[in-house]
Amino acid sequence: TELAAGQGLDGRAARTREPIFLRDADRLAYAALPLVDPDATLIGVLSVQCGENAQPAAAIEHALRAIASEAAVLLARNDASARARERTVRAEALVEAAAEIVALRDPDRIAQALAARATLLCGASAVFVRLLDPVRGRHRLAAPRDGAQWHDAARVALDRRAAGEALRRRTPIEV
């Protein structure tokens, strides 16, 4: 089940980064413990609803704090490993793409290969490659990745402005 960030007791535990324990007499009924990594980054919330046969509250609270602390470290380590693997995969894909593109000679095929790789590597929904026509001194659109994506007039106008600015400055522009 998904909850909006900051919603309910779990949201409060996340916002305050403090555990919340609800007791029913001497028994723990509910706990929300923020999972915070060693860099103080919130990873999530451990949410526990205890049954009627739960141990006394103090014992469970201590154990849950230890579990939440260890889980946060493990989750952070796993997240860092996943990001490192993703960077490695992207770097390998870039090397592979560069090798394929270097073997091409036709500018339009090179532009199409660039657009295909940019789409793959960045998850881009639209990729333009504009080539300079040295005779006319103008840039032409060489490789739309997917023809259906190029008919949205607002997107095309925005992309043309950004591309023109990037060409004028000779640097990438983020939109």
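The values are calculated or read from the model by the stated rules, or taken from the named source; none is laboratory data. For clarity, every value in this text was computed on a predicted model and none was experimentally measured. Using ideal geometry, Cβ is built from the backbone for each residue, glycine included, and neighbour counts are taken over all protein chains shown. We work out accessible area using only protein heavy atoms, side chains counted, and drop any ligands, DNA or RNA first. Shrake-Rupley method; radii C 1.70, N 1.55, O 1.52, S 1.80 Å.
Structural remarks
- Ala124 vs. criteria of a type in the set (Gly, Ala, Ser) and either at pLDDT 75 or above or under 30 Å from Ala25 (Cβ atoms) (or both): no
- Consider region 30-41 and keep the residues that are open to solvent by 60 Å² or more (accessible area, probe 1.4 Å) and in contact (Cβ under 8 Å) with a residue 24 or more places away in the chain. The one that is nearest to Ala14 (Cα to Cα) is Thr41.
- When region 60-112 is filtered for residues that are farther than 21 Å from Gly44 by Cβ and touching a residue at least 24 places away in the same chain (Cβ under 8 Å), the ones remaining, listed by number, are Arg90, Ala93, Leu94, Ala97, Pro107, Asp108, Ala111, Gln112.
- Breaking point among (1) more than 30 Å from Ala118 (Cβ to Cβ); (2) open to solvent by 50 Å² or more (accessible area, probe 1.4 Å), for Glu96: (1)
- Check on Ala118, of a type in the set (A, V, I, L, M), open to solvent by less than 100 Å² (accessible area, probe 1.4 Å), modelled with pLDDT of 80 or more and assigned to a helix (DSSP H, G or I): no
- Considering residues of region 61-83 that are open to solvent by less than 60 Å² (accessible area, probe 1.4 Å) and modelled with pLDDT under 85 only, the residue farthest from the chain's Cα centre (by Cα): Ser81
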